[in-house]
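Worksheet for the structure shown next.
The values are calculated or read from the model by the stated rules, or taken from the named source; none is laboratory data. None of the values given here were measured: they were computed from a predicted structure. Here the Cβ is made from the backbone with ideal geometry for all residues, glycine too, and neighbour counts use every protein chain on show. What goes into the accessible areas is simple: the full protein's heavy atoms, side chains included, and nothing from ligands, DNA or RNA. Shrake-Rupley method; radii C 1.70, N 1.55, O 1.52, S 1.80 Å.
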Amino acid sequence: MAFVHGKNSKVYVTTIDLSAYFNSAEFQTSADVSETTAFGKSAKTYKAGLREGNATLSGFWDGGTDASDEELVGALGSSTNKVVALGIDGVDTGDKVKFFDGFATNYGISSPVGDMVAVSADFVADDGMYNGDILYNGAFTATGAVGAALDNSASSDGGVGAFLICTSVSGTSPTADIKIQHSADNVTYVDLITFTQVTAATSEFKTVASGTTINRYIKLYNTIGGSSTPTINAFVGFARLG
């Protein structure tokens, strides 16, 4: 068993690392159940229903550019979903990550006379919360497979969630076409998820519906474009359901 200290956690809202402003992140997943108890039963029976995800972030107020106040106020009431990711022990390659695509539902500021000005924000996941792995975090600089394959030991068909967060780009007219591919034998790979071409800092969330066979092995593939050492600094998270 390997316990993890919370000091290494990372929190991203879209492309912005807000970890320096938060000291608490609560990501909760729940599921509805419907009672199916019929006559003749001696105990209640239930049928599993819909999953739901919620997150609460709390920490310290900062009114600077891309700091807690600007990003959280901007998220509240937005009609555009926000990618929200919690790296439990950071967001390095191989780290565990909880993530979702959703909406900010509440933002509050607390200003006590004897303490720091604090902020809190609530988010609700749109189409569920996912618990997975960081496939790769680093620079995408060449065309070809990126990082090592993730081995699930077997195929699955319960659905998939994935996200891409690009924090910065450099070079002349840089582009990256980043795909998640899957394979049954770790030799022949086919496309599973294709992200929108990256040309600047951006974030994106993708899913694969339940019932689709997701092969045992998962790997990233990148096609780079541009000149003068095009570089895309990004990380990708992936999670299976079921």
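List pairs: first residue in the range 151-173 and in a loop (DSSP other than H, G, I, E, B), second residue of a type in the set (Val, Ile, Thr) and open to solvent by less than 10 Å² (accessible area, probe 1.4 Å) anywhere in the structure, Cβ distance under 9 angstrom, at least six positions apart or on different chains.
What qualifies is Asn152/Ile214; Asn152/Ile218; Ser155/Ile214; Asp157/Ile214; Gly158/Ile214; Gly159/Ile214.
Need the failing condition index for Asp191 against (1) outside any loop (DSSP other than H, G, I, E, B); (2) closer than 21 Å to Phe99 by Cα; (3) of a type outside the set (Phe, Trp, Tyr), just the number.
(2)
I need the full set of residues from the range 34-65 which are part of a strand (DSSP E or B) and more than 26 Å from the chain's Cα centre (by Cα), in order please.
Those that are part of a strand (DSSP E or B) and more than 26 Å from the chain's Cα centre (by Cα): Ser34, Glu35, Tyr46, Lys47.
Would you call Phe60 in contact with a helix residue (DSSP H, G or I) (Cβ under 6 Å, 6 or more places away or on another chain) and of a type outside the set (A, V, I, L, M)?
Criteria met by Phe60.
Do the conditions hold for Val11, that is, is it hydrophobic (A, V, I, L, M, F, W, C), within 24 Å of Gly128 (Cα to Cα) and open to solvent by 70 Å² or more (accessible area, probe 1.4 Å)?
Judged against the criteria, Val11 is not a match.
For residues that are loosely packed, with under 12 Cβ neighbours inside 10 Å and at pLDDT below 95, scanning just the range 17-32, find the one that is farthest from the chain's Cα centre (by Cα).
Of everything passing the filter in the range 17-32, Asp32 is farthest from the chain's Cα centre (by Cα).
Considering only residues that are out of contact with any Lys or Arg (no Cβ under 6 Å at 6 or more places or on another chain), closer than 13 Å to Val236 by Cβ and either small (Gly, Ala, Ser) or surrounded by 21 or more Cβ atoms within 10 Å (Cβ to Cβ) (or both), which ones fall in the range 161-182?
Gly161, Phe163, Leu164, Ile165, Cys166, Ala176, Ile178, Ile180
Just give me the residues in the range 116-144 being more than 22 Å from the chain's Cα centre (by Cα) and farther than 30 Å from Asp69 by Cβ, in sequence order.
Listed by number, the residues that qualify are Thr141, Ala142, Thr143, Gly144.
Given the structure, is Asn137 in a loop (DSSP other than H, G, I, E, B) and either farther than 21 Å from Val84 by Cα or touching a strand residue (DSSP E or B) at 6+ places or on another chain (Cβ under 6 Å) (or both)?
So Asn137 fails the test.
Tell me which residues, restricted to the range 212-228, are modelled with pLDDT of 95 or more and open to solvent by 50 Å² or more (accessible area, probe 1.4 Å).
Thr212, Thr213, Arg216, Tyr221, Thr223, Gly226
Yes or no: the range 109-130 includes at least one residue that is open to solvent by 70 Å² or more (accessible area, probe 1.4 Å) and either of a type in the set (Ser, Thr, Tyr) or in contact with a Cys (Cβ under 7 Å, 6 or more places away or on another chain) (or both).
yes
Looking at the range 229-242, which of its residues are open to solvent by 30 Å² or more (accessible area, probe 1.4 Å) and of a type in the set (A, V, I, L, M)?
The one that is open to solvent by 30 Å² or more (accessible area, probe 1.4 Å) and of a type in the set (A, V, I, L, M): Leu241.
Within the range 64-76, work out how many residues are open to solvent by less than 70 Å² (accessible area, probe 1.4 Å) and either free of Cβ contacts under 8 Å to residues at least 40 places away in the same chain or more than 17 Å from Glu26 (Cα to Cα) (or both).
So the answer is 7.
Within the range 183-206, does at least one residue satisfy the condition of being at pLDDT below 95, surrounded by fewer than 19 Cβ atoms within 10 Å (Cβ to Cβ) and over 22 Å from Met129 (Cα atoms)?
no
Taking the condition open to solvent by 60 Å² or more (accessible area, probe 1.4 Å), in contact with a strand residue (DSSP E or B) (Cβ under 6 Å, 6 or more places away or on another chain), among the acidic types (Asp, Glu) and under 25 Å from Tyr217 (Cβ atoms), does Asp92 pass?
Against the criterion (open to solvent by 60 Å² or more (accessible area, probe 1.4 Å), in contact with a strand residue (DSSP E or B) (Cβ under 6 Å, 6 or more places away or on another chain), among the acidic types (Asp, Glu) and under 25 Å from Tyr217 (Cβ atoms)), Asp92 qualifies.
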